[in-house]
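A.B. asks: One structure, pasted below without further comment.
Quick note: the coordinates plus some simple rules give every number you see, no bench work behind them. Worth saying up front: this structure is predicted, and the values here are computed from it rather than measured. Please note: Cβ atoms are built from the backbone with ideal geometry, for glycine as well, and neighbour counts cover all protein chains shown.
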Amino acid sequence: MAPHLPLPDDTTSEALAREYAAARARGGSVMAILRALGPRAEVLQRFLGLSEAVLYGPAALGHREREVLALATSEANRAGYSAAVHAQLLEQHGGAGPADQALVDFARRLTLAPHEAGEAVADLRRHCSDEEVYDAIAVVGLLNFANRATLATGISADDDLS
């Protein structure tokens, strides 16, 4: 296994210290994914805004379906940290079911064979509205970005800051 990339902490910059303090206020800790985004507070701020909109904001797909996509994407990438986080969140929303297979297939295909994106979209449109497909694209895109950061930095739950 490659060496762990050093992760920024509260002493990296005042701006990052403020973001970490806000994360603690929201959830009690600084999740390692936030640290994996690096020392630039503006990158962390933009990621949090996009994550809020894509995963938790109003959307055609429900929160549970978006967690199905997030988990399937993380599993396809073999991103254990993200998969564990999203598996827990999915359970809080009732877990996955057989009707979710089209979402799982879409997430896997878009992640592992991005050159087949057109066909993956066409397949998903057999099960979902166009608005839901756009939501699915956003979730898979966001999670692929986040998964690349988790994998490149080598984070684990041990890298969360309390």
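A.B. asks: Quick check: residue separation of residue 17 and residue 56 times 0.36 nm, minus the Cα distance between them. What number comes out in nm?
C.D. replies: On the way: separation 39, 0.36 × 39 = 14.04 nm, distance 2.44 nm.
Difference between extended and current length: 11.6 nm.
A.B. asks: Can I ask one more? If you plug each phi of the stretch 119-134 into the Karplus form 6.51 cos²θ - 1.76 cosθ + 1.60 with θ = phi - 60°, what whole-Hz ³J(HN,Hα) values come out, in order, with x for Gly and Pro?
C.D. replies: Computed from phi, the couplings for the stretch 119-134 are 5, 5, 5, 4, 5, 5, 5, 6, 10, 9, 6, 4, 4, 5, 5, 4 Hz.
A.B. asks: Quick check: residue separation of residue 78 and residue 134 times 0.36 nm, minus the Cα distance between them. What number comes out in nm? Mind dumping the intermediate values first?
C.D. replies: Details: separation 56, 0.36 × 56 = 20.16 nm, distance 2.39 nm.
The residue 78-residue 134 span can extend by a further 17.8 nm.
A.B. asks: Would you compute, from DSSP H runs of 4+ residues alone, the mean residue ellipticity of the chain at 222 nm, taking -39500 (n - 2.57) per run and dividing by the full residue count, rounded to the nearest 500? Present the calculation step by step, with values, prior to reporting the outcome.
C.D. replies: Working: 8 runs with 102 residues, N = 162.
Computed ellipticity for the chain at 222 nm equals -20000 deg cm²/dmol.
A.B. asks: What FRET efficiency comes out for residue 123 versus residue 93 if R0 is 22 angstrom and r is the Cβ-Cβ distance? Round to the nearest 0.05.
C.D. replies: Numbers: r = 24 Å, r/R0 = 1.09.
Efficiency for this residue pair is about 0.40.
A.B. asks: Related question: Relative contact order, percent, of the stretch 14-157 when contacts are C-alpha pairs under 8 Å separated by at least 6 residues? Walk me through the numbers before you get to the answer.
C.D. replies: Numbers: 145 pairs, mean separation 45.2, N = 144.
Relative contact order here is 31 percent.
A.B. asks: Calculate log10 I(q)/I(0) of the stretch 1-96 for q = 0.14, 0.16, 0.18 Å⁻¹, where I(q) comes from the Debye formula with a single equal point scatterer on each Cα and nothing for solvent.
C.D. replies: -0.61, -0.78, -0.95
A.B. asks: A further question on this structure: Extension gain residue 113-residue 5, at 0.36 nm per residue separation less the Cα-Cα distance, in nm?
C.D. replies: The span from residue 113 to residue 5 would gain 36.1 nm if fully extended.
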